[in-house]
1. Evaluate the following for Leu55: is it surrounded by 20 or more Cβ atoms within 10 Å (Cβ to Cβ) and without any contact (Cβ under 8 Å) to a residue 40 or more places away in the chain?
2. When Val142 is evaluated against the numbered criteria (1) in a strand (DSSP E or B); (2) in contact with a Phe, Trp or Tyr (Cβ under 8 Å, 6 or more places away or on another chain); (3) at negative phi, which criterion, by number, is the only one it fails?
3. Residues to consider are Ser199, Ser247; find the one that is more than 19 Å from the chain's Cα centre (by Cα), farther than 17 Å from Tyr65 by Cβ and either surrounded by fewer than 18 Cβ atoms within 10 Å (Cβ to Cβ) or at pLDDT 95 or above (or both).
4. Mind checking which residues of the range 28-78 are touching a Gly at 6+ places or on another chain (Cβ under 8 Å) and among the acidic types (Asp, Glu)?
5. Mind telling me which of the residues Arg130, Arg122 ends up being free of Cβ contacts under 8 Å to residues at least 24 places away in the same chain, under 30 Å from Gly30 (Cα atoms) and surrounded by fewer than 19 Cβ atoms within 10 Å (Cβ to Cβ)?
6. From Thr139, Thr67, Thr73, grab the single residue that is in contact with a Pro (Cβ under 8 Å, 6 or more places away or on another chain), of a type outside the set (Lys, Arg) and either closer than 23 Å to Phe201 by Cα or surrounded by 15 or more Cβ atoms within 10 Å (Cβ to Cβ) (or both).
7. Which ones in the range 68-109 are outside any helix (DSSP H, G or I) and either touching a Leu at 6+ places or on another chain (Cβ under 9 Å) or among the polar types (S, T, N, Q) (or both)?
8. Among (1) assigned to a loop (DSSP other than H, G, I, E, B); (2) over 24 Å from Ala229 (Cα atoms), there is one condition Asn17 misses while meeting the rest; what is its number?
Amino acid sequence: MALDTSQGHQKATDTANVPQHVAIIMDGNGRWAERQGMPRLAGHRAGTERLRQVLSSLGREGVQYVTVFAFSTENWGRPSEEVQGLMAMLETVIKDEIPKLHEQNIRILHMGSLERLPLSLRRAIDHARRVTADNTGLTLSVGFDYGGRKEIVEAVRRIVDDAIPSAQVDEETIRSYLSLPAVPDPDFIIRTAGEQRLSNFLIWQSAYSEMYYTTTCWPDFDDSEIEKALDAYRHRQRRFGKLNNHSREA
């Protein structure tokens, strides 16, 4: 199924208060499957189908960046059958979907470590990045074997390795050493399936992100749920710790 994001940037110019960058913790795939008497991997497959639809909807709304948490550094602790199934499924999805995403002018970025991934999956991820590198539409960043604390630790190590004097290290320095320094911080972070925490996702980048939690599991996060989330965002006042003329913040 191709993603129709062709009207996304046009709509962004017409619609006020649309988040430029939406990050999503796609939680609840396994629980969704178990409730229906299905294997957990069936839930992950359904979650992949949902991602296609959500990207299409967000693109039409004018969102320019979407970052998803697909597999965390902690997820290696899940049953080996599930982990292996996720690896194989992601490789299949990449091979099947990249031509369609490329056709829709979507750029694919990877965030996280590649070292522990199977060689064939690493090659598929690298191919996806190279093929879509010059695309100028929506940017999809996929966190796979990603952890926010690990990202910061690795950034600090590279700063030390580059012998940057401590007096010259500021927020912009650290940002430049993070995984995707050119991608803006998320304006809006959505987490599905009822949990209300970041779970080591975008620890640095989320400092002033608006949060949205829903009990809906990811495979059920349809267009009506997207509209609820975006409507909640439209009613937020983003002050970044400052005062405005209408409210006061301690």
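1. no
2. Condition (2) is where Val142 drops out.
3. Ser247
4. Correct list: Glu34, Glu61, Glu74.
5. Within the list Arg130, Arg122, the selection yields Arg122.
6. Thr67
7. Initially, the range 68-109 is screened for residues outside any helix (DSSP H, G or I), giving 68-72, 78-79, 104-109.
Answer for the range 68-109, where residues must be outside any helix (DSSP H, G or I) and either touching a Leu at 6+ places or on another chain (Cβ under 9 Å) or among the polar types (S, T, N, Q) (or both): Val68, Phe69, Ala70, Phe71, Ser72, Arg78, Gln104, Asn105, Ile106, Arg107, Ile108, Leu109.
8. (2)
The values are calculated or read from the model by the stated rules, or taken from the named source; none is laboratory data. Note that this is a predicted model, so its numbers are computed, not measured. As a convention, Cβ positions derive from the backbone with ideal geometry for all residues, glycine included, and neighbour counts pool all protein chains shown.
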